[in-house]
Every structure is written in C-alpha cells, then in structure tokens.
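The values are calculated or read from the model by the stated rules, or taken from the named source; none is laboratory data. Computed from a prediction, not measured in an experiment: that's the story for all the values here. Counting neighbours? That spans all protein chains shown, and the Cβs are built from the backbone with ideal geometry, glycine included. What goes into the accessible areas is simple: the full protein's heavy atoms, side chains included, and nothing from ligands, DNA or RNA. Shrake-Rupley method; radii C 1.70, N 1.55, O 1.52, S 1.80 Å.
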Amino acid sequence: MGVEFFSYRKGNSFFHKLSPHIKLWLELLFCIFVFLPDEYFFAINEFVSIKLAISFLICVAAFFLSGRNFAAFMPLGYVLILGAIAIFGNGIKFAINYTLKFLFTAFLSQVVFMTTSSLQMKSALEDAQNFIARIFPPIKKANPALIIFLAISFIPQIFQTWNKIKLAARARSCDKKKYRNFLRNILLQFEALFSCLLFYAETKRKVLLNRSKKLCDLR
C-alpha cells in the first residue's frame, strides 16, 4: 500500500464531526505556538521545553479524538530522517528540537486532513477568503483559497502518483540487479511524475474555476 500524506479517511470520531473551520484555525494556531521562540517558555532540560511538552499532550489528545488509527501516522516516521540530516550541520540539540517541532505540526496536520474531506476543506477556505474580502476586497480577485486548496490536494497526489510510477517501473523490470542505467531510470521516473502532476494540477484548476463560475452565476 502506498504512503499517502494528508489523505482523507472516513470515520465517526470527534474530529470527523468537528467543523472544518475550527480545525483549520486549530492547525494555524498550533503551528504558530510550536514555532514561537523557545525563550518565552521554561525548559524542562537541555533538549525539551514546556512548549514541546504541551505540544506533545495536544498531539496525544488529537490522536485519541481522531479515532486512534496507528496506520495513518506511520508515514510520519520519515520526519526522523530530516532530524538525522539536521544533526550534521547544526548539532544534536538543534536537531532534536527541530525534529520534534516538525513532527508535532505534521502529526496535527495529518489529524486535520485525514478527518476533513476535500469538499469541506475547499468550502472552509472559501468562507475564510470571503470573510477577509469584506475587509480587503482585492483578495477575492487573487483567489488564494484556490491556490491553497490546490497545494493541499497536491500532497497526497504526489505520493499516489509516485507509487504508481514505481510499481509500473518494477513491473517492466525482471531483476533490479540487471539495471545498467539506474540513474537514467530514476530520472525518467521523475520526468513521468512531473508530467502527471502538471496534468493533474491544470485539470484540477480548470474544474475548480468552472465550478466557481457556475456557483457565481447561480447566485
């Protein structure tokens, strides 16, 4: 089964029933809180602050309130790789701090997006855009809600497409050891990935624009 980040999963948990507007605000405020300077919080020890301890408790609560689906959070293990890379340039203290912050924000993002359908997400973003447009009208013409929604929907699509391309490449090759042009094959796979994603983005953009125009005409 392919690794899919931020993919919606049907359920009947507390977070599934929660308003998408509240979930988006919760995600935004949590990210701001996590990345606030550590100087504003007491340190438990050399590596962990009160802020990270509170963030951990919030993630634990979100896990239980979203249905306790362990499999949905397995892909977040890749965050630890980023922490290992950060050690080389910045030291172990920075790497642990950075990894925990990134892990907690990715965890809550996974909770929000796996309990919110794409239609709910688009509707919540458009409502937020319309609210801001009352104060600052030019924002409606820029349509940032569409751009943000496309960016969000791109994340699971990238991994879905990449897994399909990898499976197709394996099916055409009988034995990995017989690869003579390994680098060339990887480059071709990335080329296929970018082509598929560009096609997906353009198709999605046209569909959403047509849908928005029809809704405006009905109003």
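Using the structure shown, decide if ALA133 is surrounded by fewer than 20 Cβ atoms within 10 Å (Cβ to Cβ), closer than 12 Å to PRO20 by Cα and among the aliphatic types (A, V, I, L, M).
Answer is no for this residue.
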Q.
List the residue pairs whose Cβ atoms are under 7 Å apart, where the first residue sits in the range 2-17 and is over 14 Å from THR116 (Cβ atoms) and in a loop (DSSP other than H, G, I, E, B), the second is at pLDDT below 85 and of a type in the set (D, E, K, R), and the two are 6 or more positions apart or on different chains.
A. none
Q: Output the residue which, of all residues in the range 57-72 that are more than 15 Å from LEU29 (Cα to Cα) and either touching a residue at least 60 places away in the same chain (Cβ under 8 Å) or touching a Leu at 6+ places or on another chain (Cβ under 8 Å) (or both), is least open to solvent (accessible area, probe 1.4 Å).
A: ALA72
Q) Given PHE194, PHE113, PHE154, which one is modelled with pLDDT of 75 or more, among the aromatic types (Phe, Trp, Tyr) and closer than 27 Å to LEU28 by Cβ? A) PHE113
Q) Is it true that LYS101 is closer than 25 Å to LEU65 by Cα, of a type in the set (D, E, K, R), touching a residue at least 24 places away in the same chain (Cβ under 8 Å) and open to solvent by 20 Å² or more (accessible area, probe 1.4 Å)? A) yes
